[in-house]
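Taking it in order: structure first as structure tokens, then the write-up.
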Amino acid sequence: MLKKSRQELAVIKPYVPGKPIEEVQEELGISDIIKLASNENPLGPSLKAQEALVKFVTQAHLYPDGSCTALKKSLAAHWHIQPEQLIIGNGSDEILKFIAEAFLQPGDEVVLAEPTFSEYHFVSQLMGAALQSVPCRQFIHDLPAMAAAVNDRTKIVFVCNPNNPTGTAVGHAELQAFMDKIPDDVLVVIDEAYYEYVQRDDFPDVLPWLAQRENVLITRTFSKAHGLAALRIGYGIGHPNLIRILEKTREPFNVNAAAQAAARASLADLDHIAASVDVNEVGKSYLYEQFAALELDYVPTETNFILVDVGHPAAEVFDRLLRKGVIIRPAHVFGLPTFIRVTVGTPSENQRFVAALKEVIAGESSH
Ligand SMILES: Cc1ncc(COP(=O)(O)O)c(C=O)c1O
């Protein structure tokens with residue numbers, strides 16, 4: 001019999017991943033399955049990133065550059081910042097873990113929105129911190145209420161901008177007013193995983209704050225608009241003093257060399273990002289129209305996914321769509337029992353999803 005595991009693990013619910021497509025194909029006997037559940041880029045990776053991966057293959061016997069020197073240089077030039085302001089992670093998930101490992105211990109609190117990205121709960125609880133969840137207002141972060149929830153025990157505030165699963169973003173003036181209320185010793189993590197997709201003009205321009213403020217970290221990723229989710233690579237941008245603290249928690253070779261090479265190539269392929277954003281905008285318009293025609297309420301999005309109220313139990317709708325070969329994310333897991341979250345796909349994927357949804361809703365109504 002093993003000795004007891006850490007008490008902090010008792011509250012952690014293991015992440016339940018979606019079934020692999022191959023398994024669903026086998027179970028349902030459907031070969032043509034579309035996955036609109038994880039907010040991936042339906043165009044896939046840039047051709048330049050693919051070429052970089054092919055070139056990398058002969059170098060697979062060598063350890064990666066643990067400091068990601070070349071990638072940091074490219075990112076610094078791209079965003080007009082210093083390489084010392086960057087930390088690279090095995091996905092931006094890992095950056096969130098660095099933050100928790102560096103700052104949190106039992107007795108500490110974190111403030112976050114409800115609903116928001118589940119990784120904040122996981123990394124915080126893993127370190128024994130308590131969660132102060134502040135309900136969104138009309139699906140948007142309630143920043144004044146979040147600022148009010150900060151107390152002496154608060155170490156971190158997570159601002160998911162735009163927010164997963166709602167797709168909403170807060171604007172520059174609101175975020176500035178929020179920052180003015182946050183004590184200098186509380187770290188504000190601004191997760192911009194969907195940054196490239198954002199359309200609103202007043203989206204916060206946080207980068208200029210980072211050289212001065214030590215208590216802000218932006219996280220971004222190559223998993224979404226860059227289409228490199230399988231490679232696991234994301235980054236944090238902050239004050240060099242903050243980055244130095246986070247670096248202490250990082251494994252020496254946390255980011256593999258294939259991911260570094262592909263990320264650099266992808267960063268240089270502005271056309272691919274532009275094309276990905278275009279496909280997303282076309283898909284958004286189409287889905288908005290279709291939802292409106294079906295009289296379904298949806299939350300206008302700044303991302304590549306849409307939260308929509310299908311008016312029926314989400315788990316059942318998920319199941320029925322699955323049987324038609326369409327995988328989406330049911331939002332009852334986020335406390336929204338009749339909502340689903342669907343990733344914007346290619347035009348043909350979107351059409352197939354809508355056709356399947358119409359059948360499911362019609363079938364549900366006749367029950
Ligand atoms: C808001 C948000 N942050 C971070 C991530 C994690 O991205 P990565 O693949 O870089 O770990 C996701 C992925 O879904 C996300 O939605």
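The values are calculated or read from the model by the stated rules, or taken from the named source; none is laboratory data. Just so you know, these numbers come straight off a predicted model, no measurement behind them. Cβ coordinates were reconstructed from backbone atoms using ideal geometry, including for glycine residues, and neighbour counts include every protein chain displayed. Surface accessibility is based on the protein's heavy atoms, side chains included, excluding ligands, DNA and RNA. Shrake-Rupley method; radii C 1.70, N 1.55, O 1.52, S 1.80 Å.
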Here are some residues: 108, 93. Which one is within 15 Å of the ligand (Cβ to nearest atom) and among the charged types (D, E, K, R)?
93
Going through 62, 36 one at a time, which residue ends up being of a type outside the set (Lys, Arg) and touching a Gly at 6+ places or on another chain (Cβ under 6 Å)?
36
For residues that are at pLDDT below 95 and either open to solvent by less than 50 Å² (accessible area, probe 1.4 Å) or touching a helix residue (DSSP H, G or I) at 6+ places or on another chain (Cβ under 7 Å) (or both), tally how many sit in segment 333-360.
1
Could you tell me which residue of segment 181-223 is surrounded by the fewest Cβ atoms within 10 Å (Cβ to Cβ), considering only residues that are in contact with a helix residue (DSSP H, G or I) (Cβ under 7 Å, 6 or more places away or on another chain) and of a type in the set (Lys, Arg)?
181
Being open to solvent by 20 Å² or more (accessible area, probe 1.4 Å), under 18 Å from residue 30 (Cβ atoms) and touching a residue at least 60 places away in the same chain (Cβ under 8 Å): is that true of residue 329 here?
no
Out of curiosity, is residue 32 touching a residue at least 12 places away in the same chain (Cβ under 8 Å), open to solvent by 10 Å² or more (accessible area, probe 1.4 Å), farther than 30 Å from residue 185 by Cα and more than 16 Å from the chain's Cα centre (by Cα)?
yes
For the subset of segment 136-146 comprising residues that are open to solvent by 30 Å² or more (accessible area, probe 1.4 Å) and within 16 Å of the ligand (Cβ to nearest atom), which member is nearest to residue 110 (Cα to Cα)?
140
The one condition residue 274 fails out of (1) out of contact with any Phe, Trp or Tyr (no Cβ under 9 Å at 6 or more places or on another chain); (2) within 11 Å of the ligand (Cβ to nearest atom) is (2)
Where a residue in segment 55-75 is among the hydroxyl-bearing types (Ser, Thr, Tyr) and its partner, wherever it lies, is surrounded by 14 or more Cβ atoms within 10 Å (Cβ to Cβ), with Cβ under 7 Å and at least six apart:
74/264; 74/267
Tally up the residues in segment 92-127 that are in contact with a Gly (Cβ under 6 Å, 6 or more places away or on another chain) and assigned to a helix (DSSP H, G or I), please.
2
Number of positions in segment 1-29 that are in a loop (DSSP other than H, G, I, E, B) and open to solvent by 60 Å² or more (accessible area, probe 1.4 Å)
15
Might you let me know whether segment 31-48 holds any residue that is closer than 23 Å to residue 271 by Cα and not in a loop (DSSP other than H, G, I, E, B)?
yes
